[in-house]
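Below: the structure, in structure tokens.
The values are calculated or read from the model by the stated rules, or taken from the named source; none is laboratory data. Note that this is a predicted model, so its numbers are computed, not measured. Ideal geometry is used to build each Cβ from the backbone, glycine not excepted, and the neighbour counts take in all protein chains shown.
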Amino acid sequence: MTYEEAVKYIRDTAAFGSKLGLDNIRTLMSLLGNPQEKLNIIHIAGTNGKGSVASYILSVLDMAGYRVGFYTSPELVRFSERIRINYEEISENDIAVYTGRVYHAAKYMEEHELGRPSEFELVLAMAFCYFLECRVSLVILEVGLGGRLDATNVINHSLLSVITRISYDHMQYLGDTLPLIAAEKAAIIKPRGRVMTYRADAGIMNVIKETCREKDAELYISEPAVRIKASLAEGQVFTLSGKTYRTRMAGLYEVENAALAIQAIRLIAGQGKGRLRVSEKDMELGIERAGWPGRFEILSSEPLVIADGAHNEDGARALSETLTEYFGEQKLILCIGILKDKQYKKMLELLIPHAKKVIVCEVPNPRTLTMPELEKAIREVSREVGIMIPDPGSDVTECIKKLQPEAAATVICGSLYLVGPMRERFIRSKQ
């Protein structure tokens with residue numbers, strides 16, 4: 001199987017859709033020898049912040065000299081972003097090799113009426129096989145959707161379960177209350193395992209505590225950090241447990257994410273024989289060096305263009321707070337595209353007050369709000385804000401350049417499926 005054939009096979013599999021549940025992935029992993037059971041895994045679930053927390057943990061462990069498998073989804077641009085060892089993405093040759101391996105197992109399942117693995121399940125299986133054969137020290141594993149029935153929950157044990165901020169998203173699958181959503185996320189907790197999470201409201205905490213009691217798991221609640229400086233250009237400085245750290249990520253929510261990552265690493269490093277050896281210098285440099293594409297990321301300084309993949313109400317609220325911190329009452333250009341199954345009306349209510357003008361986009365995804373639908377939703381929030389609808393086939397970056405002199409900055413937001421391609425255009429324009 002060639003690289004091109006491998007990617008086509010994986011992409012074509014997406015056309016068959018997917019269903020939540022662990023039956024298919026358990027069968028697939030069994031046919032592959034259950035490599036996931038031979039890996040040391042940090043499992044991360046949550047509504048927002050998973051990617052950033054994973055990135056901070058990776059950066060620190062990389063500084064400490066560990067070989068770390070990193071699995072995340074979806075990719076912003078390249079398929080290979082989803083499977084990495086430290087900062088090296090899986091090669092085209094290895095994509096072909098490991099796709100071939102899971103292809104034969106999946107074909108066996110279909111021929112024997114054992115199920116049809118989804119795209120996500122195939123890629124996850126590839127990652128587990130790849131990480132085991134590359135002999136990584138541990139794996140950072142990001143949940144795709146929810147937790148209880150997410151394919152990543154095929155693992156039976158983990159070094160640590162990390163639960164980031166929980167809020168409303170994917171309610172059609174996870175439930176329409178925060179306790180119900182929390183129960184789905186908390187299901188990644190393993191019997192007699194360890195759990196690290198933020199302090200949340202009582203409804204969420206009660207669910208997590210009860211899950212820990214049922215599974216005889218140890219619960220650790222992240223100590224809050226204290227921000228002492230926030231700079232758009234230089235990032236943020238904060239203190240935690242009497243120590244000072246710096247993150248170059250400027251989103252206000254990143255201090256909370258960094259603090260959770262620091263305490264997760266400290267917890268793992270304190271576990272018995274063979275524990276991780278991470279110095280305080282590794283911690284400081286790793287937190288400072290960490291980055292996560294598309295999360296309040298400055299794509300251009302002149303003109304100032306920022307990309308933030310806020311794609312739900314909580315993400316939009318965090319973005320709004322960050323914009324207020326850095327720009328106050330200054331009006332901005334917002335370039336927005338949103339999926340129709342998101343809480344887009346509430347997102348727009350949070351974001352449109354920051355806008356002088358809005359560039360309306362369609363996301364390259366079948367679930368996108370169309371431009372007329374998005375325009376109508378914006379008008380329901382504000383009759384005054386200016387709206388630009390790009391001509392079909394036009395380059396949105398040219399629209400941004402045209403409007404930029406009218407505002408302090410342009411912010412691309414609403415969906416990672418919009419941020420990814422737009423980010424790539426700006427990167428290419430600098431080359």
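Overview of values
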item	result
Residue in region 285-302 that is more than 23 Å from the chain's Cα centre (by Cα) and outside any helix (DSSP H, G or I) present	yes
Search result, residues across region 110-139 that are under 23 Å from K38 (Cα atoms) and surrounded by fewer than 18 Cβ atoms within 10 Å (Cβ to Cβ)	E133, C134, R135, S137
Restricting region 342-388 to residues that are surrounded by fewer than 20 Cβ atoms within 10 Å (Cβ to Cβ) and basic (K, R), the residue that is nearest to Q172 (Cα to Cα)	R367
Residues that are more than 25 Å from Y253 (Cβ to Cβ) and part of a loop (DSSP other than H, G, I, E, B), drawn from region 206-230	D216, A217
Qualifying positions in region 133-172 - of a type in the set (D, E) and over 16 Å from the mean Cα position of the chain (by Cα)	E133
Test: residue in region 185-197 that is out of contact with any strand residue (DSSP E or B) (no Cβ under 9 Å at 6 or more places or on another chain), surrounded by 20 or more Cβ atoms within 10 Å (Cβ to Cβ), under 22 Å from A310 (Cα atoms) and not basic (K, R)	no
Yes/no for G337 being outside the structural domain of A45 (by TED's automatic domain parsing) and crowded, with 23+ Cβ neighbours inside 10 Å	yes
Given (1) out of contact with any Asp or Glu (no Cβ under 9 Å at 6 or more places or on another chain); (2) closer than 16 Å to I298 by Cα; (3) crowded, with 21+ Cβ neighbours inside 10 Å, number of the condition V419 does not satisfy	(1)
Residue check, A225 small (G, A, S) and surrounded by fewer than 19 Cβ atoms within 10 Å (Cβ to Cβ)	no
Positions within region 388-405 being closer than 12 Å to L334 by Cβ and either in contact with a Lys or Arg (Cβ under 7 Å, 6 or more places away or on another chain) or assigned to a loop (DSSP other than H, G, I, E, B) (or both), in sequence order	M388, L403
Residue count, region 318-348 (criterion: in a helix (DSSP H, G or I) and acidic (D, E))	2
Tally, over region 30-49, of residues that are crowded, with 24+ Cβ neighbours inside 10 Å and assigned to a helix (DSSP H, G or I)	1
Count of region 50-96 residues which are part of a loop (DSSP other than H, G, I, E, B) and among the acidic types (D, E)	1
Region 50-78: number of residues that are surrounded by 18 or more Cβ atoms within 10 Å (Cβ to Cβ) and under 23 Å from N153 (Cβ atoms)	16
Any hit, region 163-175, residues being buried (at least 16 other Cβ atoms within 10 Å of the Cβ), over 25 Å from T27 (Cβ atoms) and at pLDDT 95 or above	yes
Residue in region 36-55 that is at pLDDT 95 or above, over 22 Å from V195 (Cα atoms) and assigned by TED's automatic domain parsing to the domain that holds V102 present	no
E325 vs. criteria surrounded by fewer than 24 Cβ atoms within 10 Å (Cβ to Cβ), touching a residue at least 40 places away in the same chain (Cβ under 8 Å) and either basic (K, R) or farther than 13 Å from G414 by Cβ (or both)	yes
From the options T27, T13, residue that is outside any strand (DSSP E or B) and within 20 Å of L132 (Cα to Cα)	T27
